[in-house]
Structure formats: structure tokens, C-alpha cells
Amino acid sequence: MKDPSAYAKLPFEVLDLICHMSDRQTLNSLQHVSRVWRRLSLPLLWKSIDISDWEYRASADRVHAVYGRLVHTMEYRRCQRRRGNSHSSSAPASPQAVSGKTKTDILCEWLGVRWKNVRRVAIGAWPPYNIRRVQQVLATCNPQLRVLILEGAAAAWAETMQRAVTAHPHLQGLHITEDSRALLPPAADEHYRRSQVRFLFLSNGVGASLTRLTVPCIVESAVQLLGQLSDLLPLLQTLDLRQVDAGAASKLSINLPPMLRHLKISGQYPLTMRMFGHRHGKGTAGALMAASLHSLSVTGLRSEEAAWRESDTFWTPILQHKWALLTGLVIPVARPELSLLIGTNCSKLERLQFIYAGSSINQQQNNLWAAKLTCLPQLRHLDIASSNNEYEGCSLSSRLVTGCIWKTQWLHSLYVSRLSLSTDALSALLRMLPYLHTLWFTFDAKPRANDSLEQIGTDCYPVAQCRLQYLVIHAVIARDCNRSAAYTSESDSEQTGSGPTNVLSACLAGLPSVNKCRLPMFTFPDEQRHWLKCQFPRINFKKYAPPY
């Protein structure tokens with residue numbers, strides 16, 4: 001910052017907004033500018049801490065003494081899966097020897113300090129036999145928790161849930177998830193699959209404040225809880241079911257609570273309406289779900305046969321009702337009749353995603369059902385099979401997205417990896433959707449016959465209205481350019497770009513709002529990517545490679 005005193009004349013609200021929009025690295029720099037910046041940046045910088053960033057650098061008592069009042073969230077993952085660089089934070093440098101201590105010892109030492117304002121704790125990849133010890137420390141020192149996330153405790157989740165809701169009377173969110181890195185016992189182990197688990201601990205007001213719950217469906221006790229869910233947790237608003245397999249699905253009967261608003265299910269077994277029990281009163285399960293749910297998400301791999309069976313036994317019956325409140329929908333597979341039902345009965349839909357949709361060779365059939373989705377008036381996010389695999393994904397004609405009339409003008413993000421857009425098609429799309437923020441597509445790098453590269457950049461795009469900021473290019477098509485013509489020699493790579501690179505450069509020149517772009521790994525060599533970085537220093541170019 002060249003002149004820090006210049007910011008002193010800005011209103012306090014503006015300075016606070018700048019801090020809220022900054023990342024951790026920027027906040028770490030701002031705290032050293034002045035007392036005003038330090039007072040604004042420190043609460044945001046220390047609102048959340050990752051124990052793995054500090055276990056070898058500072059003791060828990062030292063961090064608590066200086067910044068303990070600012071900490072609201074703590075997390076620690078056994079494999080040290082870090083969200084950011086530890087150097088981006090600030091803490092008193094007081095190295096502490098941790099030789100001879102296990103990861104569980106370190107975690108219990110940090111959680112054993114009484115953090116006055118900590119309301120959320122996330123513990124990842126922990127073996128189930130150590131979860132009991134960790135929970136005992138949490139119950140003693142942090143009884144005011146609101147959200148608790150335990151990864152790797154799926155096998156003994158019933159006991160874990162009992163200890164959590166009993167020790168934390170104000171708990172609102174409990175998420176017990178599976179983790180492949182944790183040591184899970186065999187699925188046939190009777191100790192973890194016993195069918196006589198009782199949930200009497202949820203009576204007498206225990207767990208009454210629980211509104212968000214994530215449970216794995218890999219044990220028999222999960223089936224029993226879901227069958228009594230409406231009676232045991234009547235205030236539950238968000239339910240996330242993991243690993244629904246054939247064994248659990250054959251006995252599953254979910255009694256949905258009346259206050260449920262968000263339902264998420266993941267697994268390989270196809271859903272049926274039989275899995276959703278009837279609530280007390282009149283009306284079918286499908287009608288009751290349609291009248292109350294705000295979001296519905298179903299994910300997981302499906303075979304072709306299972307996908308068609310699920311469409312007939314679950315999606316077609318349930319989408320025939322009017323979904324007056326539904327704003328988010330994730331469907332594992334798509335069929336033409338489902339798109340017609342969605343366009344007719346889900347008028348309030350804002351986010352729509354098809355995980356597997358259509359085939360790369362049936363473009364005409366895909367266009368017929370995808371055209372129904374453009375009639376949704378409030379759509380903000382549309383994702384149609386944005387697959388990383390070049391043989392997967394939904395192939396759509398560029399005429400579909402540029403030639404039809406979109407009823408929504410507020411679409412923010414469009415993900416169609418196999419959608420091929422030339423400069424003309426991209427220009428037409430941005431004129432139709434002026435609020436588009438993120439676009440995932442296949443770039444057709446063939447330049448127009450009668451126009452130069454400069455004309456592509458200056459004449460194609462509505463500069464004044466365009467809000468596009470993020471481009472994800474799945475692949476690049478250069479049909480008229482062979483490899484020898486498409487790329488320059490290594491000696492000229494620092495001075496000029498290749499054919500496709502020049503066309504992309506011309507397009508980016510007409511899009512001043514773009515600040516981030518992901519490119520295919522093998523289409524653009526490193527020297528061409530470096531050339532683009534020199535041409536557009538404002539844009540952050542990254543390699544695009546599965547998994548994204």
C-alpha cells in the first residue's frame with residue numbers, strides 16, 4: 001500500500017467492506033498497516049483457525065491468551081488437509097516440541113482449552129476408537145457448541161450422536177460422515193450393525209434444537225432412526241443421507257419431519273417412493289415433499305438400467321406435483337420427459353444440475369429436452385453434465401443457447417462442458433444473458449473468415465454490459481489448423497501466440513471483466529500460457545485437468 005494515510009479519509013463502513021472482501025493473505029498484510037486496519041482485520045483473520053497450521057509453531061495456551069476471544073471456528077484433520085498456507089496467518093511465534101505426542105493428544109490439548117466463543121468444530125479423518133476421547137474433551141470444555149462435524153465416525157455413528165446431543169444441549173447442526181482415510185470396520189461386524197439400537201436419548205427434549213443432520217446409511221440403526229425421524233426430531237430442517245446402499249434401501253422408510261426444507265441423498269441404489277413413509281394426515285409422500293421442500297439433491301453413480309428404473313419409480317411421480325417452494329434441484333440422470341415436468345411444475349427453480357445427461361452423439365435429442373429448461377423464469381445456475389471425461393457430458397448445439405429466447409435474464413453460471421461456442425456464438429450468448437458470471441464450455445478457436453483478430457475483440461462483445469468474470473474452457477477446437485500451424489516454435493513462443501491462442505487472446509481483449517480463466521492442460525503448452533499471462537496480467541490463468 002503506497003499511501004496508507006489516504007485510506008483514513010474513507011468512511012469506516014467502506015474499510016470494513018474491504019476487509020470482508022479480502023482473503024486471508026490480504027488480511028494478514030492489512031493488519032500491519034495501521035491500528036484501524038488491525039482492528040478491522042484481526043476478527044476476520046482469527047475467526048477460524050486450523051489446528052494443523054499451528055501444532056508445530058505455537059502452543060494452544062499461547063494462541064488462546066492472545067487471540068482466543070476472536071476464535072469462533074476450529075478444525076483439525078488428521079492427515080493435515082489444509083485449506084490454505086499457514087504463512088498467510090498471523091500468530092505469536094512460539095515453537096513447541098511435540099515429540100512423543102499423537103495426533104489425538106494434540107487435538108485434545110487444543111480442545112481442552114476453554115474457548116469462550118467457539119461455536120463450530122470440525123474434526124476430520126479420525127478413527128472411531130478415538131472419537132470417544134475427543135468427544136469427552138469437547139463435552140467438558142466446549143458445551144456451547146452449535147455445529148459439530150465428525151468425519152470418519154460413520155461406523156459407530158449412533159453412539160457418537162448420543163454423546164453429541166447429550167453433551168451439547170444447544171447443538172443445531174450435527175454432521176457425522178464417512179471418510180475413506182479412516183479405519184472403518186467390516187460392514188458385517190455385528191457390533192456396528194446391531195439392530196436393537198434405541199433412540200430414547202432423543203426424548204425429553206434432548207436434541208430438540210437440532211435442525212441440521214448428516215447421517216450415513218451403512219448400518220441398521222440408521223433405518224430405525226429415519227423411520228422415527230418425524231417424532232424424534234420434529235424441528236429438523238436439513239437432512240443429508242450418505243451411502244444409501246441396497247441393504248439399507250430395501251428396508252428404508254423415511255418419515256420426513258414437517259419442518260424439513262432441504263433433503264440430500266447420495267448412494268448407488270435407485271430411489272423409490274416406497275422409501276418415503278406417509279406422515280400423519282392426508283396426502284401422499286410426493287405431494288407433502290413438493291409442498292415443503294426448498295431443495296432436493298440426489299447424487300451417486302447409476303447404471304443405465306438403474307437410472308431408467310429410478311426415473312419411473314421416483315422422479316416421474318414426484319415431479320408431477322407443483323413444487324411451489326423448490327429453488328434447488330440436483331438430478332443424477334436426465335430424460336426428456338423429466339425436463340418437461342421441471343419446466344412446467346418448478347417455476348421457482350434457481351439452481352438446476354444434471355450429473356449425467358444425454359449422450360455426446362445424440363445432440364438433436366438433447367436439444368429437444370434442454371430447450372424446456374430455458375423457460376424457467378428465475379433460473380440462476382444451470383449445470384448440464386459438466387464432465388471431465390471427453391467421452392461423457394451432454395452435447396448441445398450452440399444454436400440452442402444462442403437461438404432460443406431465455407425467459408430468465410439473471411442467469412449467473414452456465415456449465416455445459418461439451419457446448420461448443422465460437423466467438424460469434426459467445427457474443428450472442430453474452431448479449432442474451434448480460435448477468436452471466438461463470439461459463440464452462442468448449443471453445444471453437446476457428447476465426448471468422450472476413451474479420452481480423454482485432455475486429456473479433458472490438459466488435460463482438462457488449463463491453464459496457466458484460467459481467468463475465470470466470471471462464472472454464474473444457475477443450476479447444478481448431479479445425480482448420482494443423483499442429484504445425486497451430487503452434488509456433490520454441491524460439492518464437494515468448495513473442496507470439498499460436499493460432500488458437502491468438503483467437504482466445506482476441507476474445508479476452510473484448511472481455512475486460514474476466515479475471516480468472518482455466519485452460520485445458522494439453523491444448524495450451526506452458527509457453528503459450530505464459531504468453532497469455534504477459535498479454536493479460538489482470539487475468540489469473542490456471543491449468544484445467546481432472547478432477548476439477
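The values are calculated or read from the model by the stated rules, or taken from the named source; none is laboratory data. Small disclaimer: the values here were computed from a predicted structure and weren't measured. Here the Cβ positions follow ideal geometry from the backbone for every residue, glycine too, while neighbour counts run over all protein chains shown.
Here are a few things to note about the model shown:
- Of all residues in the range 361-388 being modelled with pLDDT of 90 or more and part of a strand (DSSP E or B), the one that is surrounded by the most Cβ atoms within 10 Å (Cβ to Cβ): Leu382
- Residue, modelled with the highest pLDDT, within the range 219-238, restricted to residues that are surrounded by 22 or more Cβ atoms within 10 Å (Cβ to Cβ) and in contact with a strand residue (DSSP E or B) (Cβ under 6 Å, 6 or more places away or on another chain): Leu226
- Test: residue in the range 420-429 that is without any contact (Cβ under 8 Å) to a residue 24 or more places away in the chain and under 27 Å from the mean Cα position of the chain (by Cα): yes
- Long-range neighbours under 6 Å by Cβ, at least six apart or interchain, first residue farther than 13 Å from Gln136 by Cα within the range 99-122, second of a type in the set (S, T, N, Q) and at pLDDT 90 or above: Arg120/Thr73
- When each of Val134, Val118 is tested for being buried (at least 19 other Cβ atoms within 10 Å of the Cβ), at pLDDT 85 or above and assigned to a helix (DSSP H, G or I), the lone residue that passes is Val134.
- So Pro270, is it within 26 Å of the chain's Cα centre (by Cα) and farther than 27 Å from Glu305 by Cα: no
- Test: residue in the range 149-168 that is at pLDDT 85 or above, part of a helix (DSSP H, G or I), closer than 25 Å to Arg212 by Cα and not hydrophobic (A, V, I, L, M, F, W, C): yes
- Across the range 68-113, the number of residues qualifying as outside any helix (DSSP H, G or I), touching a helix residue (DSSP H, G or I) at 6+ places or on another chain (Cβ under 7 Å) and at pLDDT below 85 comes to 11.
- Taking (1) at pLDDT below 80; (2) in a helix (DSSP H, G or I); (3) hydroxyl-bearing (Ser, Thr, Tyr); (4) surrounded by 15 or more Cβ atoms within 10 Å (Cβ to Cβ) in turn, Tyr129 satisfies each apart from (4).
- Residue match in the range 129-141 (condition: farther than 22 Å from Leu233 by Cβ and either among the hydroxyl-bearing types (Ser, Thr, Tyr) or in contact (Cβ under 8 Å) with a residue 60 or more places away in the chain (or both)): yes
Matching residues to (1) surrounded by fewer than 21 Cβ atoms within 10 Å (Cβ to Cβ); (2) in contact with a Pro (Cβ under 9 Å, 6 or more places away or on another chain); (3) not in a helix (DSSP H, G or I):
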site	(1), (2), (3)
Trp406	yes, no, yes
Gln409	yes, yes, yes
Leu414	no, no, yes
Ser420	yes, no, yes
Asp424	yes, no, no
Leu429	no, no, no
Leu439	no, no, yes
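- In the set Gly358, Gly300, Gly328, only one residue is at pLDDT below 90, of a type in the set (Gly, Ala, Ser) and under 21 Å from Trp440 (Cβ atoms); that residue is Gly358.
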